[in-house]
Amino acid sequence: MTLNEDEPMPRTSIDQKTMHRYLSEHLLGSESGLNHFKAAQHTWADTAYAKRFESLHQQVQADQDDLKRIMDRLGCTKRPMARLLAPAAKLAGHVNPFNPLRMRKLGAAQVQLDVLTGLLNAKLRMWQTLLLMLPHDPRLDQALLQDLSHRAESQISQLKGLSDETWPERFAPQVHDEQGEHRP
(Lines give C-alpha, C1' and ligand atoms only; values in the text may rest on other atoms or scores of the structure.)
Protein backbone atom coordinates (compact mmCIF):
# COMPACT_ATOMS: atom_id res chain seq x y z
CA MET A 1 0.00 0.00 0.00
CA THR A 2 1.41 3.38 -0.96
CA LEU A 3 0.33 6.61 0.57
CA ASN A 4 -0.48 9.44 -1.78
CA GLU A 5 -0.08 12.94 -0.40
CA ASP A 6 -3.51 13.85 -1.83
CA GLU A 7 -5.22 11.05 0.06
CA PRO A 8 -6.37 11.61 3.63
CA MET A 9 -4.40 9.92 6.42
CA PRO A 10 -5.84 6.48 7.17
CA ARG A 11 -7.77 6.20 10.41
CA THR A 12 -5.97 4.33 13.13
CA SER A 13 -6.77 3.49 16.71
CA ILE A 14 -3.13 3.94 17.75
CA ASP A 15 -2.02 7.03 19.65
CA GLN A 16 0.32 8.40 17.00
CA LYS A 17 2.27 10.61 19.38
CA THR A 18 3.05 7.63 21.63
CA MET A 19 3.96 5.40 18.69
CA HIS A 20 6.20 8.08 17.17
CA ARG A 21 7.95 8.61 20.51
CA TYR A 22 8.38 4.84 20.90
CA LEU A 23 9.93 4.46 17.44
CA SER A 24 12.12 7.55 17.93
CA GLU A 25 13.47 6.08 21.15
CA HIS A 26 14.23 2.81 19.39
CA LEU A 27 15.95 4.70 16.58
CA LEU A 28 18.04 6.55 19.15
CA GLY A 29 18.94 3.22 20.78
CA SER A 30 19.83 1.80 17.39
CA GLU A 31 22.35 4.61 16.84
CA SER A 32 24.25 3.47 19.91
CA GLY A 33 23.60 -0.21 19.18
CA LEU A 34 25.01 0.05 15.69
CA ASN A 35 28.21 1.50 17.10
CA HIS A 36 28.35 -1.24 19.75
CA PHE A 37 28.25 -3.78 16.93
CA LYS A 38 31.00 -1.87 15.12
CA ALA A 39 33.07 -1.96 18.33
CA ALA A 40 32.54 -5.72 18.60
CA GLN A 41 33.61 -6.04 14.98
CA HIS A 42 36.88 -4.29 15.92
CA THR A 43 37.27 -6.50 19.00
CA TRP A 44 37.12 -9.63 16.82
CA ALA A 45 39.07 -8.27 13.83
CA ASP A 46 41.87 -10.53 12.64
CA THR A 47 40.16 -13.64 14.02
CA ALA A 48 38.24 -16.49 12.45
CA TYR A 49 35.06 -14.72 13.67
CA ALA A 50 35.69 -11.34 12.01
CA LYS A 51 33.47 -11.91 8.97
CA ARG A 52 30.57 -13.05 11.14
CA PHE A 53 30.79 -9.93 13.30
CA GLU A 54 31.05 -7.78 10.17
CA SER A 55 27.94 -9.50 8.79
CA LEU A 56 26.02 -8.84 12.02
CA HIS A 57 27.00 -5.17 11.88
CA GLN A 58 25.74 -4.94 8.28
CA GLN A 59 22.49 -6.72 9.20
CA VAL A 60 21.87 -4.32 12.09
CA GLN A 61 22.56 -1.37 9.76
CA ALA A 62 19.99 -2.71 7.26
CA ASP A 63 17.42 -3.05 10.07
CA GLN A 64 18.07 0.54 11.16
CA ASP A 65 17.51 1.67 7.56
CA ASP A 66 14.21 -0.24 7.50
CA LEU A 67 13.18 1.37 10.80
CA LYS A 68 13.83 4.82 9.29
CA ARG A 69 11.68 3.93 6.25
CA ILE A 70 8.88 2.68 8.52
CA MET A 71 9.06 5.90 10.52
CA ASP A 72 8.92 7.97 7.31
CA ARG A 73 5.88 6.03 6.16
CA LEU A 74 4.18 6.68 9.50
CA GLY A 75 5.04 10.38 9.36
CA CYS A 76 7.41 10.27 12.35
CA THR A 77 9.71 13.19 12.77
CA LYS A 78 12.84 13.09 14.87
CA ARG A 79 12.04 14.67 18.22
CA PRO A 80 14.22 17.59 19.36
CA MET A 81 15.48 15.68 22.41
CA ALA A 82 16.37 12.70 20.23
CA ARG A 83 18.31 15.02 17.92
CA LEU A 84 20.27 16.27 20.92
CA LEU A 85 20.92 12.79 22.33
CA ALA A 86 21.84 11.08 19.04
CA PRO A 87 25.50 12.23 19.10
CA ALA A 88 25.85 11.03 22.71
CA ALA A 89 24.32 7.66 21.79
CA LYS A 90 26.74 7.30 18.88
CA LEU A 91 29.67 8.26 21.10
CA ALA A 92 28.66 5.66 23.71
CA GLY A 93 28.92 2.98 21.06
CA HIS A 94 32.30 4.25 19.87
CA VAL A 95 33.70 4.46 23.40
CA ASN A 96 32.50 0.90 24.05
CA PRO A 97 32.09 1.12 27.84
CA PHE A 98 31.57 -2.65 28.07
CA ASN A 99 34.97 -3.55 26.64
CA PRO A 100 36.96 -0.31 26.21
CA LEU A 101 40.25 -2.08 25.49
CA ARG A 102 38.54 -4.38 22.96
CA MET A 103 40.20 -7.41 24.48
CA ARG A 104 38.64 -10.77 23.71
CA LYS A 105 40.28 -12.57 26.65
CA LEU A 106 38.55 -10.61 29.41
CA GLY A 107 35.19 -11.08 31.08
CA ALA A 108 34.36 -7.63 29.67
CA ALA A 109 34.21 -9.22 26.22
CA GLN A 110 31.46 -11.52 27.49
CA VAL A 111 29.60 -8.53 28.92
CA GLN A 112 29.89 -6.88 25.51
CA LEU A 113 28.34 -9.94 23.83
CA ASP A 114 25.60 -10.11 26.47
CA VAL A 115 24.74 -6.44 25.95
CA LEU A 116 24.62 -6.92 22.18
CA THR A 117 22.22 -9.82 22.70
CA GLY A 118 20.06 -7.59 24.89
CA LEU A 119 20.00 -4.89 22.21
CA LEU A 120 18.87 -7.44 19.63
CA ASN A 121 16.14 -8.69 21.98
CA ALA A 122 14.90 -5.12 22.43
CA LYS A 123 14.77 -4.70 18.65
CA LEU A 124 12.89 -7.98 18.29
CA ARG A 125 10.29 -6.82 20.83
CA MET A 126 9.84 -3.58 18.88
CA TRP A 127 9.06 -5.50 15.68
CA GLN A 128 6.73 -7.82 17.61
CA THR A 129 4.95 -4.84 19.18
CA LEU A 130 4.43 -3.28 15.76
CA LEU A 131 3.02 -6.59 14.54
CA LEU A 132 0.43 -6.36 17.33
CA MET A 133 -0.60 -2.97 15.95
CA LEU A 134 -1.29 -4.27 12.42
CA PRO A 135 -5.07 -4.42 12.78
CA HIS A 136 -5.07 -0.85 14.10
CA ASP A 137 -2.84 0.93 11.58
CA PRO A 138 -3.13 0.07 7.87
CA ARG A 139 0.19 1.81 7.10
CA LEU A 140 2.16 -0.98 8.78
CA ASP A 141 3.53 -3.61 6.42
CA GLN A 142 2.92 -7.11 7.80
CA ALA A 143 5.36 -8.90 5.49
CA LEU A 144 8.17 -6.45 6.29
CA LEU A 145 7.57 -6.61 10.05
CA GLN A 146 7.50 -10.40 9.99
CA ASP A 147 10.73 -10.41 7.99
CA LEU A 148 12.33 -7.98 10.46
CA SER A 149 11.24 -10.18 13.37
CA HIS A 150 12.77 -13.25 11.72
CA ARG A 151 15.95 -11.31 10.98
CA ALA A 152 16.23 -10.24 14.64
CA GLU A 153 15.71 -13.84 15.79
CA SER A 154 18.43 -14.95 13.35
CA GLN A 155 20.81 -12.26 14.62
CA ILE A 156 20.21 -13.33 18.22
CA SER A 157 20.95 -16.92 17.21
CA GLN A 158 24.10 -15.89 15.32
CA LEU A 159 25.38 -13.86 18.27
CA LYS A 160 24.58 -16.66 20.71
CA GLY A 161 26.54 -19.03 18.47
CA LEU A 162 29.52 -16.69 18.46
CA SER A 163 29.36 -16.33 22.23
CA ASP A 164 29.09 -20.09 22.72
CA GLU A 165 31.98 -20.81 20.36
CA THR A 166 34.32 -18.22 21.86
CA TRP A 167 33.67 -18.58 25.60
CA PRO A 168 36.90 -20.59 26.21
CA GLU A 169 38.93 -17.63 24.99
CA ARG A 170 37.52 -15.59 27.87
CA PHE A 171 37.10 -18.14 30.64
CA ALA A 172 39.66 -20.90 30.16
CA PRO A 173 42.44 -20.70 32.76
CA GLN A 174 45.70 -19.23 31.56
CA VAL A 175 48.58 -21.73 31.63
CA HIS A 176 52.20 -20.67 31.97
CA ASP A 177 54.87 -22.61 30.10
CA GLU A 178 58.40 -23.20 31.45
CA GLN A 179 59.53 -19.73 30.24
CA GLY A 180 56.68 -18.09 32.18
CA GLU A 181 54.72 -17.08 29.07
CA HIS A 182 50.94 -17.19 28.98
CA ARG A 183 49.18 -19.85 26.94
CA PRO A 184 45.42 -20.25 26.72
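Please verify whether segment 60-71 includes one or more residues that are exposed (fewer than 13 other Cβ atoms within 10 Å of the Cβ) and either farther than 25 Å from D137 by Cβ or modelled with pLDDT under 90 (or both).
No: segment 60-71 contains no residue that is exposed (fewer than 13 other Cβ atoms within 10 Å of the Cβ) and either farther than 25 Å from D137 by Cβ or modelled with pLDDT under 90 (or both).
Collect the residues in segment 135-149 that are under 20 Å from T18 (Cβ atoms) and surrounded by fewer than 14 Cβ atoms within 10 Å (Cβ to Cβ), keeping them in residue-number order.
Once the filter is applied, which keeps residues that are under 20 Å from T18 (Cβ atoms) and surrounded by fewer than 14 Cβ atoms within 10 Å (Cβ to Cβ), segment 135-149 yields P135, H136, P138.
Residues L162, L131: which one is at pLDDT 95 or above, part of a helix (DSSP H, G or I), of a type in the set (A, V, I, L, M, F, W, C) and within 17 Å of the chain's Cα centre (by Cα)?
L162
Residue under question is A109, and the condition is that it be at pLDDT 80 or above and either under 14 Å from Q155 (Cβ atoms) or open to solvent by less than 20 Å² (accessible area, probe 1.4 Å) (or both); does it hold?
Here the answer is yes, as A109 does meet what is asked.
Within segment 29-49, restricting attention to residues that are over 17 Å from T117 (Cα atoms) and among the aliphatic types (A, V, I, L, M), which residue is most open to solvent (accessible area, probe 1.4 Å)?
Checking each candidate, the answer is A48.
Hey, does segment 77-96 have a residue that's modelled with pLDDT under 95, open to solvent by less than 70 Å² (accessible area, probe 1.4 Å) and within 21 Å of F171 (Cα to Cα)?
yes
Out of segment 13-69, which residues are in contact (Cβ under 8 Å) with a residue 40 or more places away in the chain and in contact with a Ser or Thr (Cβ under 7 Å, 6 or more places away or on another chain)?
Residues satisfying the conditions are Y49, L67.
Could you grab me the full set of residues in segment 30-40 that are closer than 14 Å to Q110 by Cα and among the polar types (S, T, N, Q)? Talk me through it step by step, then tell me what you get.
In the first step, residues of segment 30-40 are kept if they are closer than 14 Å to Q110 by Cα; the result is 36-37, 39-40.
Result: no residue meets the conditions.
The values are calculated or read from the model by the stated rules, or taken from the named source; none is laboratory data. Here the structure is a predicted model, which is why all the values come from computation and not from measurement. All Cβ positions, glycine included, derive from the backbone under ideal geometry; neighbour counts span all protein chains shown. With ligands, DNA and RNA removed, areas are computed over all heavy atoms of the protein, side chains included. Shrake-Rupley method; radii C 1.70, N 1.55, O 1.52, S 1.80 Å.
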